[in-house]
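Peer 1: To start, I am sharing the structure in question, which I have written as structure tokens.
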Ligand SMILES: Nc1ncnc2c1ncn2[C@@H]1O[C@H](COP(=O)(O)OP(=O)(O)OP(=O)(O)O)[C@@H](O)[C@H]1O
Ligand SMILES: [Mg+2]
């Protein structure tokens with residue numbers, strides 16, 4: 001009996017000390033580093049403002065950051081809290097085979113990020129410790145922590161609702177934390193059936209860079225390359241190269257980075273620089289062709305060619321007029337809306353995804369300028385048959 005009480009007192013004490021440690025670490029943890037030197041980082045203040053705005057609001061909505069692959073979602077979420085404390089970033093990779101509930105899995109990852117590994121919990125559930133720590137922070141009137149949950153590609157999209165429910169419970173309902181969930185547009189659309197308002201979530205969409213931002217990004221990279229190679233170029237040569245990159249590679253930050261900070265690093269001369277732009281544009285287009293081919297191979301053979309041709313032609317026209325309602329796009333391929341969403345996700349990983357489905361409006365468009373070019377090629381091939 002005495003031993004039992006002793007063990008209980010010991011456990012309660014160690015529970016309190018664990019909670020106190022977790023609370024102290026949560027308050028003090030630095031926001032994730034933005035690992036880009038100043039010259040290479042493009043501040044996207046308009047988008048980052050929207051992500052960080054609710055940090056001090058009572059009962060904050062969950063911010064759902066979405067956008068195409070490589071649009072700069074993770075970077076925007078991290079840089080929104082640059083220099084702040086009490087910001088925990090986790091690359092959330094609870095996969096569908098895990099039997100653990102989403103909230104337990106997330107809490108374990110958070111405690112790991114705080115340097116509190118499962119052994120230190122002595123059998124106590126991570127979620128229990130974390131919730132108690134958040135309540136302690138709230139009682140002490142300290143600033144509530146921010147959790148950035150970056151959902152990786154292995155995350156089953158159907159689990160998105162469960163994740164957002166947990167964020168609502170701890171965020172909007174209990175006001176214990178502010179949540180930022182980062183997911184690709186494809187995952188968001190596939191995983192969410194409930195309306196965002198019922199999950200107390202607000203959407204922040206990260207698109208391709210504005211033309212001026214893209215020009216600034218390429219100009220910075222070009223000047224860096226010139227400085228490193230002792231090259232001097234005229235204003236008009238500079239403008240020509242910038243225009244060429246934008247027209248060939250588009251304005252998505254990932255594509256620009258691959259060319260201007262990847263391929264250019266291997267170039268010694270200006271002609272090589274120009275050739276690298278062409279080679280990358282072809283490579284991006286090959287990925288897109290591959291993604292579209294896979295999608296089309298999954299579509300039932302009975303689907304009418306004429307309708308497919310018509311919608312692909314429309315998607316390949318410019319990005320504004322090339323938008324169609326999801327039901328119309330799906331019926332052109334002879335499939336249901338949910339099958340269209342599934343096939344799009346299954347057809348290709350990441351940057352080769354053929355379509356983007358805009359959450360909320362359920363409109364479909366080509367996922368990138370390269371996907372548009374792949375669609376044009378397909379249209380031409382079908383027309384010549
Ligand atoms: N604001 C920025 N300034 C400079 N570089 C950036 C910026 N945003 C993103 N990048 C670069 O572009 C690349 C893609 O960005 P990021 O990983 O944030 O995209 P993402 O949308 O999260 O991609 P994914 O869909 O693969 O998760 C990164 O390597 C990053 O370094
Ligand atoms: Mg990311």
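Peer 1: Based on the Cα coordinates of region 216-313, what is the per residue volume of their convex hull in Å³?
Peer 2: In region 216-313, the Cα hull volume divided by residue count equals 108 Å³.
Peer 1: Once every DSSP H run of n ≥ 4 in the chain is given -39500 (n - 2.57) and the sum is divided by its residues, what mean residue ellipticity at 222 nm do you get, rounded to the nearest 500 deg cm²/dmol?
Peer 2: -16500 deg cm²/dmol, from helical runs alone.
Peer 1: Could you give the alpha-carbon Rg of region 274-385 over 2.2 N^0.38 Å, rounded to two decimals?
Peer 2: 1.02
Peer 1: Springs between alpha-carbon atoms under 10 Å, Gaussian network over the chain: tell me which of 350, 230, 50 tops the mean-square fluctuations.
Peer 2: Largest GNM mean-square fluctuation: 230.
Peer 1: Can you compute the label reach from residue 294? Point 7 Å from Cα along the Cβ direction, backbone N cut-off under 15 Å, restricted to region 119-155.
Peer 2: Within reach of a label on residue 294: 153-155.
Peer 1: Now for a separate question. Based on the alpha carbon coordinates of region 211-268, what radius of gyration and maximum Cα-Cα distance (Dmax) apply, in Å?
Peer 2: For region 211-268, the Cα-based Rg and Dmax read 10.6, 28 Å.
Peer 1: Can you sort 261, 117 from fewest to most other Cβ atoms within 10 Å of each residue's own Cβ?
Peer 2: 117, 261
Peer 1: Taking only Cα atoms, what is the 0 to 90° angle, nearest 10, from helix 2-28's long axis to the longest principal axis of the chain?
Peer 2: 40 degrees
Peer 1: Considering only DSSP beta bridges with both partners in region 2-206, what is the antiparallel share in %, to the nearest 5?
Peer 2: Counting only bridges with both partners in region 2-206, antiparallel ones make up about 5 percent.
Peer 1: Also: Using the Cα atoms as the points, what is the convex hull volume per residue of the chain in Å³?
Peer 2: Considering the Cα atoms of the chain, their hull volume per residue is 161 Å³.
Peer 1: How big is region 2-206 by the Kirkwood estimate over distinct Cα pairs, in Å?
Peer 2: 17.6 Å
Peer 1: Go ahead and set up a Gaussian network model of the chain, Cα springs under 10 Å, then flag whichever of 206, 241, 148 fluctuates most.
Peer 2: 241
Peer 1: Write down Rg/Rh for region 264-303, rounded to two decimals, with Rg from the C-alpha atoms and Rh from the Kirkwood relation over Cα pairs.
Peer 2: 1.34
Peer 1: Could you give the length gained by full extension between residue 13 and residue 286, i.e. 0.36 nm per residue of separation minus their alpha carbon distance, to one decimal place?
Peer 2: 92.2 nm
Coordinate-derived values only; no laboratory data. The structure displayed is predicted, hence computed values, not measured ones. Cβ: placed from backbone, ideal geometry, glycine included. Neighbour counts: every protein chain shown.
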